[in-house]
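What follows is one structure encoded as structure tokens, with my remarks underneath.
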Amino acid sequence: MLRALYRVLLPRQQLWVQSMSEQISYRDPPPKIITFDCYGTLVQWYEVLAREIDVTLGKFGVTDVGASEFIDSFSAQGRRLTAQKPHRLYKDILRTGFTTAFAEHGLTPGEDEIERIASSPMKMGPHPEVPAALRRLRERYKLAIFTNSDDDLIAPTVESIGVPFDYVITAQQAGAYKPSRDLFEYAYRKMDVSPDETVHVAMGMYWDMKARHELGLRGIWVNRRSEAGNPDWLPYAEVRDLDGAVALLLPDQD
């Protein structure tokens, strides 16, 4: 049954994921807290960003480049900017990253355009299955968010999910961005648990699964975009959406 939930693009990698994930126990020891990435995992990061970018491209009359290319360019800038010290607020990284991403394609949107895109995370609603899935998990576990965001930027996003979280850990609080272990270690101190008392659920292969592997955490990769995983960061289970994660974490209710 669980194998039906795993989905990867490479047949050889599929065997690795199935074999390695079968060695993971999500109930022994039983986790106290299920931790989640937010953007993309719980809420519609790509969908909202693509819509906002398309508005800007329409104003420039651009038809030969899609929004996904700008999101990819921003992601590359994000890796660079979040690794820099001293710590910068994520709002600043969004503004700088998207300004650079547009410049790479020969476009120079005004400050109002950049600000509209940079503030769009505050308008990101949940994926359709997320609220009900979280309510089921909340019946047994505490829930936490680990996010590369600022306190005020993430607050309306969390509210839009409509399910209470016991902890919302931000990069602003930790003074560090994922995949740095500093954010995770700050979170465990804040929550007063050990890493093996948690399971981390996330869509981000680089931002989350890499850090999870290096810290030895149990993890579930939510592969919403049918991407190829990274066998170097196994073991992890792979599911299509949050309902798949619920099936692993609440097998007796399936």
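Take Thr56 and decide whether it is at pLDDT below 95, among the polar types (S, T, N, Q), outside the structural domain of Phe146 (by TED's automatic domain parsing) and farther than 16 Å from Met205 by Cα. If you could, list the steps in order and put the result at the bottom.
On the way: at pLDDT below 95: no; among the polar types (S, T, N, Q): yes; outside the structural domain of Phe146 (by TED's automatic domain parsing): yes; farther than 16 Å from Met205 by Cα: yes.
Criteria not met by Thr56.
Can you name the residue in segment 19-78 that is surrounded by fewer than 18 Cβ atoms within 10 Å (Cβ to Cβ) and of a type in the set (Phe, Trp, Tyr) and is also nearest to Ala118 (Cα to Cα) among such residues?
If we take residues in segment 19-78 being surrounded by fewer than 18 Cβ atoms within 10 Å (Cβ to Cβ) and of a type in the set (Phe, Trp, Tyr), then Tyr46 is nearest to Ala118 (Cα to Cα).
Is it true that some residue in segment 78-87 is outside any helix (DSSP H, G or I), in contact with an Asp or Glu (Cβ under 8 Å, 6 or more places away or on another chain) and within 27 Å of Ser180 (Cα to Cα)?
The initial filter retains those residues of segment 78-87 that are outside any helix (DSSP H, G or I), namely 83-87.
When the remaining residues are screened for being in contact with an Asp or Glu (Cβ under 8 Å, 6 or more places away or on another chain), the result is none.
Within segment 78-87, not a single residue is outside any helix (DSSP H, G or I), in contact with an Asp or Glu (Cβ under 8 Å, 6 or more places away or on another chain) and within 27 Å of Ser180 (Cα to Cα).
Among what's in segment 101-115 and is surrounded by 15 or more Cβ atoms within 10 Å (Cβ to Cβ) and out of contact with any Phe, Trp or Tyr (no Cβ under 8 Å at 6 or more places or on another chain), pick the residue that is nearest to Glu69 (Cα to Cα).
The selected residue is Glu113.
Checking Val199 against (1) touching a residue at least 40 places away in the same chain (Cβ under 8 Å); (2) under 20 Å from the mean Cα position of the chain (by Cα); (3) not in a strand (DSSP E or B), which test does it fail?
Exception for Val199: condition (3).
Among the numbered criteria (1) surrounded by 14 or more Cβ atoms within 10 Å (Cβ to Cβ); (2) out of contact with any strand residue (DSSP E or B) (no Cβ under 7 Å at 6 or more places or on another chain); (3) of a type outside the set (Asp, Glu), which one does Ser149 miss?
With respect to (1) surrounded by 14 or more Cβ atoms within 10 Å (Cβ to Cβ); (2) out of contact with any strand residue (DSSP E or B) (no Cβ under 7 Å at 6 or more places or on another chain); (3) of a type outside the set (Asp, Glu), Ser149 is out only on (2).
Tell me whether segment 27-42 contains one or more residues that are more than 14 Å from the chain's Cα centre (by Cα) and in a helix (DSSP H, G or I).
No; the residues of segment 27-42 include none that is more than 14 Å from the chain's Cα centre (by Cα) and in a helix (DSSP H, G or I).
Looking only at residues that are hydrophobic (A, V, I, L, M, F, W, C) and either assigned to a helix (DSSP H, G or I) or at positive phi (or both) in segment 202-219, which one is surrounded by the fewest Cβ atoms within 10 Å (Cβ to Cβ)?
If we filter segment 202-219 for residues that are hydrophobic (A, V, I, L, M, F, W, C), which is where we start, we get 202-203, 205, 207, 209, 211, 215, 217.
Next, from what is left, pick out any that are either assigned to a helix (DSSP H, G or I) or at positive phi (or both): 205, 207, 209, 211, 215.
Values: Met205: 17, Trp207: 24, Met209: 26, Ala211: 23, Leu215: 15.
Residue satisfying both the conditions and the ranking: Leu215.
Based on this model, can you work out whether Arg140 counts as at pLDDT 95 or above, in a loop (DSSP other than H, G, I, E, B), under 23 Å from Ser25 (Cβ atoms) and out of contact with any His (no Cβ under 6 Å at 6 or more places or on another chain)? Lay out the reasoning, then the answer.
Numbers: at pLDDT 95 or above: yes; in a loop (DSSP other than H, G, I, E, B): yes; under 23 Å from Ser25 (Cβ atoms): yes; out of contact with any His (no Cβ under 6 Å at 6 or more places or on another chain): yes.
Answer is yes for this residue.
The values are calculated or read from the model by the stated rules, or taken from the named source; none is laboratory data. These figures come from a predicted structure and were not determined experimentally. With ideal geometry, Cβ positions are generated from the backbone for all residues, glycine too; neighbour counts draw on all protein chains shown.
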